[in-house]
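Quick note: the coordinates plus some simple rules give every number you see, no bench work behind them. Since this is a predicted model, take the numbers as computed values, not measurements. For neighbour counting, all protein chains shown are included, and Cβ atoms are generated from backbone atoms with ideal geometry for every residue, glycine included.
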Amino acid sequence: MKARALLLFSEGLDSILAGKILALQGIEVYAVRFITPFFGWKWKGKEKEFDTYVREEFGFHRGIIKDITKEYLAMLKKPPHGYGSQFNPCIDCKILMLKHAKKMLPHVSAQFLATGEVVGQRPMSQLRNILRHIEKQAQVEDILLRPLCALKLKETKPEREGLVDRSKLLDIAGRGRKRQLALAKELGLKKIPSPAGGCLLTDPSLAPRIKRFFEKEEEVTPKEAELLTFGRHFELPHGSWLVLGRDAEENERIKTLSEPGDTILKLRDFPGPTGIFLILCKDDLLEGAKLVKKYAPKARKNENVAVRIISNGEENIILV
């Protein structure tokens, strides 16, 4: 049987190159894309499309989608190793993903794990001592291979057992990307993606909003987490939190995510935003209705505009 690796795949250049280096040795690469509303969410429910993508685009053996939202949200509330420059718990994020990946190994008949990490590339999570610490916390010491910088690290079990030829691994270190870009060209990559997978928790325009909501709520649900990633957000005078769609697509997302007990706001007679309360104090309903009107260009200059308040199958009207 061929050697098989389970690659933590972010869609960034480094994880692509790590997988390609292993595939060139005849190793079957299973690429797992962990997803939450904050990263990789475009693949939710698209497992077959992802599998086809990694096979055709990179020549990997298989692509797997793994939703870790519930565990991620519990960790994000209070990550043991803290946050990065925004609301990103990079160290605990990597530990969580590696723990999940380790549990997956027997299910995909893979002998070891692989990542695209490079020693010294990221100050929070990729310093040499932090890499070792992450391995220990995730209990993946000796079965985690980092092909791009393996020659800078101690030999791992798959190398000792001959599953991987160590002489064909690399010794990249530091924050520069020259060697990665040269390797990408050498391997004939059609597109050069960003270094990482685009985590919204590092986005300075979104992260403060998400952090603020986590500070207000004892427990955050997957639905609330997804709603935090788009739309216009308002904290109202009595403590409510309102989300308004900015266009037809976002209005549809709010509709799709809403549940019977949610309170939805919509204009009765004009096109405009759909609103949903993530936190509701009824004293804020009028203020919320005014905001729905304000962000509807065809309604904002009219008087006595009817705003529908919908919850649990019941509907009331507020005139603003």
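Details
- Whole-angstrom gap from the range 209-232 to the range 166-184, using each part's C-alpha centre: 38
- Helix 248-257 vs. the chain, principal-axis angle (Cα, 0 to 90°, nearest 10): 80
- In the chain, a dipole from Cβ-located charges (positive for Lys and Arg, negative for Asp and Glu) runs towards its positive end, and of Thr263, Asn312, Ala3 it is Ala3 whose Cα lies farthest in that direction.
- Calculated P(r) of the range 28-178 - Cα pairs past 23 Å, %: 41
- Relative to the longest principal axis of the Cα atoms of the chain, helix 90-108 runs at roughly 70 degrees.
- Euclidean distance between Cα centres, the range 92-118 to the range 2-43, Å: 10
- For the chain, the longest principal axis of the Cα atoms and the long axis of helix 128-138 meet at an angle of about 70 degrees.
- On the beta carbon distance between Arg128 and Glu47, with R0 = 41 Å, the FRET formula returns roughly 0.70.
- Among the listed pairs Lys77/Lys136; Lys103/Lys255; Lys44/Lys211; Lys44/Lys136; Lys46/Lys185; Lys66/Lys266, those with a Cα-Cα distance over 27 Å are Lys103/Lys255; Lys44/Lys136; Lys46/Lys185; Lys66/Lys266.
- For Asp165 and Glu235, a Förster radius of 45 Å and the Cβ-Cβ distance give a FRET efficiency of 0.20, rounded to the nearest 0.05.
- Remark: spin-label model distance Glu71-Lys223 equals 2.4 nm, labels positioned 7 Å along the Cα→Cβ axis.
- Ranked by the mean number of other Cβ atoms within 10 Å per residue, highest first, peptides 300-313, 128-141 order as 128-141, 300-313.
- If only the Cβ of Lys and Arg carry +1 and only the Cβ of Asp and Glu carry -1, the dipole of the range 56-163 around its Cα centre is close to 380 debye.
- Percent antiparallel among DSSP beta bridges (both partners in the chain, rounded to 5): 55
- Extension gain (nm, one decimal) between Arg175 and Lys216, 0.36 nm per residue minus Cα-Cα: 11.1 nm
- Put a dot 7 Å past the Cα of Lys2, heading toward its Cβ, do the same for Glu259, and the two dots end up 4.4 nm apart.
- Spin-label model, Glu155/Glu186: points 7 Å from Cα along the beta carbon direction are separated by 2.3 nm.
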